[in-house]
Amino acid sequence: MTSSRTNPEEPTGPEGLTGSAAWELLLPAASAPARARGRSLQAALREAVRSGRLAPDTRLPSSRDLAADLGVSRGLVTEAYEQLTAEGYLRSGRGAGTWVGGAVRAARPHARDLAPRSPGARADFVPGTPDLSLFPRAAWASAQRGVLAEAPHEMLGYPDPRGLPRLRTALAELLARRRGVVADPERLVVVSGVAQATALLGFVLHARGIRTVGVEDPGSPQHNTLYASAGVGTVPLPLDGEGLAVGPLRASGVRAVVTTPAHQFPTGIAYSARRRAQLLDWARSVDGLVFEDDYDGDFRYDRAPVGALQGLDPEHVAYAGSVSKSLAPGLRLGWLLVPESLADEVVERKRTMDLGHPTLDQALFARFLERGDYDRQLRRCQRAYRQRRDALVAALEEHFPGAQVTGIAAGLHVIAELPEKYGPQEDFLERVASAGVAVRPLSAYAHARVDDAVVRLVLGYAHLSPGRIRAGVGLMAGAVRP
């Protein structure tokens, strides 16, 4: 298209925007439907400045010339110049023309994915991941269609920060039936997984003047960072064969402690009945709080799962769980059941944190629970994970004769202690890593560095098929074979 400009003094080249350059940058905007053309032109100019295609101090054509180049009205160009001048993208002065301003320092658009990913190992035994292919897509989609068809308009407003009454009622029934908790829907809070439940309690404890909480050692490293975000420190407390050692707990002076009594992570033990009673006696004696992280309590393979600790003393135990192991961690959906004395403070903190969990997700999960779909999913996962655990134990017996698998038959990981000939542990880990096998030693979850002569591994298996489990253990054995 030929420019109609006749002013010989108008800049061209690197320091000015010629008619052809304007045509190249703005042609899509000029071709937009008439009603959207003004917004499109403004967006195109704005993006050209942000991206650097129009550099600072570049002089733009007059509104008359640019309008003629683009075949649009002069008023549309004038309006675009005025709008971007008001926003700071352009600058202008009487008789001085319109120029690209110098205020924009936009970074090059780049969306990184910071989600945790497997490092591309040939065999990955890092614990904590369920089999995401077991997610019940058809049943979930059916529940979603039903919720969208039935949801009243008012449900799309801001929810009760505790969660929809429908979901809290369904969760209370589920937890009482499956985990033996004392489940009052008024004290249930729907949260974005156990991580948010931990942070919520951390903020509430901090507001009450509590600056340290006890954590199991070894234990989940996430507890340290989550409590630190709330301004609360952690005190590592040792375990013995029955659970958290009570002597060091009493000597520590803490009044709140985090526990995984149904299936301690990572050691795999279950707290004994005696230790559960001692732990509650401690909590009553100091008017303290036990935070029960029931991260995989539904998955027990040798007997019915032991009921939750909360059922024994709901006024001294806060109970949390989620669907991260049974459905998918990406759903960010969990629950926190708190003592009555903490309920108001936890709910208020939840309200100020995010104004409540997404209502459509809550209604969907409530429907999933009510129709029995969640129970069916738990049974499906139970069968699959038990089979995979059996495959891992058999593969260890075949490739590492004399290996001992410790802990109860439950959850999504095992502890394997290998015969002394495979040590020291550091050498073992280097050799299997070189072979492309990702594993974590038990010592990785201890608060203090441990140099083990004996190899003790935390092996996750839920995300692997039996065939991949057998192949992975064989690969690991081949890497350390003399």
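The values are calculated or read from the model by the stated rules, or taken from the named source; none is laboratory data. Treat the numbers as computed from the prediction; the structure is a model and nothing was measured. Neighbour counts run over all protein chains shown; Cβ positions are idealised from the backbone, glycine included. Accessible surface is based on the protein model in full, side chains and every heavy atom, while ligands, DNA and RNA are left aside. Shrake-Rupley method; radii C 1.70, N 1.55, O 1.52, S 1.80 Å.
Residue count for segment 182-196 under the criterion of being of a type outside the set (Asp, Glu) and open to solvent by 10 Å² or more (accessible area, probe 1.4 Å): the result is 8. Could we say that Leu360 is at positive phi and open to solvent by 30 Å² or more (accessible area, probe 1.4 Å) here? Here the answer is no, as Leu360 does not meet what is asked. Filtered by the rule that a residue be open to solvent by less than 30 Å² (accessible area, probe 1.4 Å) and modelled with pLDDT under 90, segment 68-93 gives Asp69, Leu70. Condition check: modelled with pLDDT under 95 and not charged (D, E, K, R). Does Gln222 satisfy that? Considered against the rule, which asks whether it is modelled with pLDDT under 95 and not charged (D, E, K, R), Gln222 comes out as yes. If the condition is being under 15 Å from Ala29 (Cα atoms) and not hydrophobic (A, V, I, L, M, F, W, C), then segment 45-74 contributes Arg46, Glu47, Asp69, Gly71, Ser73, Arg74. Cβ separations smaller than 7 Å between residues 6+ apart or across chains give the following pairs from segment 171-187 residues that are closer than 18 Å to Asp298 by Cβ and outside any helix (DSSP H, G or I) to residues that are modelled with pLDDT of 95 or more and open to solvent by 40 Å² or more (accessible area, probe 1.4 Å): Ala183/Ala176. Tell me whether segment 289-297 contains one or more residues that are over 30 Å from Ala115 (Cβ atoms) and β-branched (Val, Ile, Thr). For segment 289-297, residues over 30 Å from Ala115 (Cβ atoms) and β-branched (Val, Ile, Thr): present. When Asp354 is tested against the conditions (1) surrounded by 18 or more Cβ atoms within 10 Å (Cβ to Cβ); (2) closer than 20 Å to Leu201 by Cβ, the lone failure is (1). For segment 197-239, a residue qualifies if it is open to solvent by less than 30 Å² (accessible area, probe 1.4 Å), touching a residue at least 40 places away in the same chain (Cβ under 8 Å) and part of a strand (DSSP E or B), and the qualifying residues are Val213, Gly214, Val215, Glu216. Restricting the search to strands (runs of 3 or more DSSP E) fully inside segment 317-433 and requiring at least 2 residues that are among the aliphatic types (A, V, I, L, M) gives 317-322, 334-337, 413-417. Summed over segment 424-442, residues that are in contact (Cβ under 8 Å) with a residue 60 or more places away in the chain and on the phi < 0 side of the Ramachandran plot total 6.
Please work out if Arg367 is surrounded by fewer than 16 Cβ atoms within 10 Å (Cβ to Cβ) and closer than 30 Å to Ala151 by Cα. No. Across segment 156-170, the qualifying residues are those that are open to solvent by 30 Å² or more (accessible area, probe 1.4 Å) and in a loop (DSSP other than H, G, I, E, B), and the one among them that is nearest to Val290 (Cα to Cα) is Arg162.
With respect to (1) open to solvent by 20 Å² or more (accessible area, probe 1.4 Å); (2) among the aliphatic types (A, V, I, L, M); (3) modelled with pLDDT of 95 or more, the lone exception for Ala304 is condition (3). Within segment 94-115, the only residue that satisfies the criterion of being modelled with pLDDT under 80 and either surrounded by 10 or more Cβ atoms within 10 Å (Cβ to Cβ) or acidic (Asp, Glu) (or both) is Ala106.
Scanning segment 268-287 for residues that are in a loop (DSSP other than H, G, I, E, B) and either among the basic types (Lys, Arg) or closer than 20 Å to Thr198 by Cβ (or both) yields a single hit, Tyr271.
For segment 440-451, the criterion of being closer than 26 Å to Asp294 by Cβ, assigned to a helix (DSSP H, G or I) and open to solvent by 50 Å² or more (accessible area, probe 1.4 Å) is met by at least one residue. All of (1) under 30 Å from Leu148 (Cβ atoms); (2) in contact with a helix residue (DSSP H, G or I) (Cβ under 7 Å, 6 or more places away or on another chain); (3) open to solvent by 10 Å² or more (accessible area, probe 1.4 Å) hold for Arg431 with one exception: (1).
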